[in-house]
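Structure record follows, encoded as structure tokens.
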Amino acid sequence: MKRLLLLLILFLGVIVITPMLIGEKGYILISIGDSAIETTVITAIITLALCFFAIALIIKFFRGGLSFSFKAWNKIAFASRRRALKDFNKGIAAYVLGDYKQAEHLLAKSADASNFEHIAYLVAADAAQKQALKPNTDHYLGLLEQTTSTFKDAGLEAVLIKIKLLIGQQNYQQARNVIDEHHKHIGHDVRLLRLEIELSLIEQRFDYVIKKLNAAQKQKSISLETITLWQQQAFYGAFNQQIKQHDSHVLLEYWQQLPKKIKQSETVVLAYCQVLAENQVNEPLAKLLLPIIKKGNAISLLKAVRTLPITQDDSLMAAAQKHLHNEPHNAIWLSLVAHFATASQQWQLAEKAFNSLVNLEEKQYDKIDLLVFSQVLEHQGHLDKANQALRKIHA
């Protein structure tokens with residue numbers, strides 16, 4: 001603009017000075033209809049130049065004004081979106097910090113205008129669930145169904161959150177529908193595999209879970225404790241289904257058909273024994289446990305046997321007493337004899353064994369021993385001693 005102005009001044013200067021130097025101004029006559037305008041060349045050129053300059057100024061003014069107006073309109077038009085994004089970010093931060101009430105409020109408020117409607121409703125629903133606000137969670141899940149976000153847009157993480165929410169709301173059928181819709185990802189994403197197993201356990205699809213355990217055991221991100229828990233739930237459920245839906249003979253056949261490696265698992269053995277004991281299938285139970293007790297080297301399994309609801313079996317008691325006779329101060333055999341005696345209502349023998357156990361030099365009893373010991377004492381009318389045993393549990 002400065003260059004243009006300098007050129008214009010230089011041009012006008014030449015136009016003005018040149019006629020003065022040659023002594024001739026020059027005239028221009030402009031005729032329009034009955035009107036005529038007469039002027040000098042210098043005046044006409046100066047007037048024309050000023051008109052062009054004025055036009056240039058007007059154009060620049062309007063361009064600047066248009067630019068200003070567009071910026072102002074843009075600022076006004078997208079103000080709600082910027083507020084929504086701000087609320088969305090604050091809501092996510094509140095969720096991470098554990099302020100679920102504030103997170104729910106901000107995310108629900110920002111969902112429509114933030115362009116993150118799907119994830120906003122998902123996290124708002126989870127925040128509501130963490131506050132035990134089931135109606136709110138159901139409301140957000142309902143709004144979620146109305147969104148048009150595709151898997152590609154939302155991502156697998158959003159699908160996982162949705163499944164967890166549906167399971168938490170006990171909406172198992174809809175959770176199953178979502179998992180089945182994305183079933184091809186189970187083999188590629190361990191998080192979806194976890195949810196598939198957890199939902200299948202709820203649905204009592206125990207045989208299916210048993211098959212999936214092979215894939216789960218190959219995943220380093222799934223802890224051994226989790227695998228053991230799933231294994232216990234799946235096999236206990238499968239064994240229980242066989243005897244409830246059929247009979248003990250079908251259960252025994254089911255057990256025999258299991259691979260040898262599985263039948264050597266302590267978790268599976270204990271689940272099988274639990275079902276046998278609960279249904280008083282005593283002969284197969286004793287046949288399975290007797291070799292374990294005679295060997296006496298499966299310590300964790302022997303401790304677990306104490307909790308089985310075994311009514312009475314002389315062979316198991318005799319095997320445990322034989323060990324105790326050889327090792328009278330062994331805590332494992334004292335505890336096992338005491339629990340067997342309690343199950344068969346041999347109260348005095350149970351009390352004697354428990355007394356010997358709790359009076360060992362080193363503390364080798366646990367809360368299970370103390371709880372059953374208190375019951376034995378209470379049954380015999382020793383209420384003060386029973387209370388003392390109970391107090392040791394919380395000591």
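The values are calculated or read from the model by the stated rules, or taken from the named source; none is laboratory data. It should be emphasised that the depicted structure is a prediction, and the values quoted were computed from it without experimental measurement. Cβ sites come from the backbone with ideal geometry, for glycine too, and all protein chains shown count toward neighbours. SASA here: full protein model, heavy atoms, side chains in, ligands and nucleic acids out. Shrake-Rupley method; radii C 1.70, N 1.55, O 1.52, S 1.80 Å.
Here's the yes/no breakdown for (1) over 20 Å from the mean Cα position of the chain (by Cα); (2) modelled with pLDDT of 85 or more:
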position: 96; (1), (2): no, yes
position: 105; (1), (2): yes, yes
position: 122; (1), (2): no, yes
position: 125; (1), (2): no, yes
position: 156; (1), (2): no, no
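Per the conditions (1) within 28 Å of residue 280 (Cα to Cα); (2) exposed (fewer than 15 other Cβ atoms within 10 Å of the Cβ), the sole criterion not satisfied by residue 326 is (1). Scanning the range 361-391 for residues that are aliphatic (A, V, I, L, M), open to solvent by less than 30 Å² (accessible area, probe 1.4 Å) and either closer than 17 Å to residue 307 by Cα or in a loop (DSSP other than H, G, I, E, B) (or both) turns up 370, 372, 376.
The residue of the range 252-272 that is most open to solvent (accessible area, probe 1.4 Å), among those that are more than 34 Å from the chain's Cα centre (by Cα) and within 24 Å of residue 314 (Cβ to Cβ), is 252.
Residues considered: 173, 204. Of these, the only one that is at positive phi and either surrounded by fewer than 19 Cβ atoms within 10 Å (Cβ to Cβ) or of a type in the set (Gly, Ala, Ser) (or both) is 204.
Per the listing 360, 371, 285, 334, the residue uniquely in contact with a Leu (Cβ under 6 Å, 6 or more places away or on another chain) and more than 29 Å from residue 244 (Cα to Cα) is 334.
Starting from the range 213-230, take each residue that is polar (S, T, N, Q) and list its partners that are in a helix (DSSP H, G or I) and surrounded by 13 or more Cβ atoms within 10 Å (Cβ to Cβ), counting only C-beta distances under 6 angstrom and pairs at least six apart or across chains. Listed by first residue and then by second, the contacts come to 217/227; 219/190; 221/190; 228/267. The number of residues in the range 95-113 that are touching a residue at least 24 places away in the same chain (Cβ under 8 Å), more than 20 Å from residue 159 (Cβ to Cβ) and either of a type in the set (Phe, Trp, Tyr) or open to solvent by less than 20 Å² (accessible area, probe 1.4 Å) (or both) comes to 4.
Residues that are part of a helix (DSSP H, G or I) and in contact with a Ser or Thr (Cβ under 6 Å, 6 or more places away or on another chain) within the range 92-119 comprise 117, 118, listed in sequence order. Counting the residues of the range 273-316 that are open to solvent by 20 Å² or more (accessible area, probe 1.4 Å), part of a helix (DSSP H, G or I) and farther than 26 Å from residue 330 by Cα gives 4. Could you check, for the range 339-346, whether at least one of its residues is small (Gly, Ala, Ser) and open to solvent by 100 Å² or more (accessible area, probe 1.4 Å)? Within the range 339-346, not a single residue is small (Gly, Ala, Ser) and open to solvent by 100 Å² or more (accessible area, probe 1.4 Å). Could you please let me know if residue 335 is among the small types (Gly, Ala, Ser), within 42 Å of the chain's Cα centre (by Cα), surrounded by fewer than 16 Cβ atoms within 10 Å (Cβ to Cβ) and assigned to a helix (DSSP H, G or I)? Spelling it out, it is not the case that residue 335 is among the small types (Gly, Ala, Ser), within 42 Å of the chain's Cα centre (by Cα), surrounded by fewer than 16 Cβ atoms within 10 Å (Cβ to Cβ) and assigned to a helix (DSSP H, G or I).
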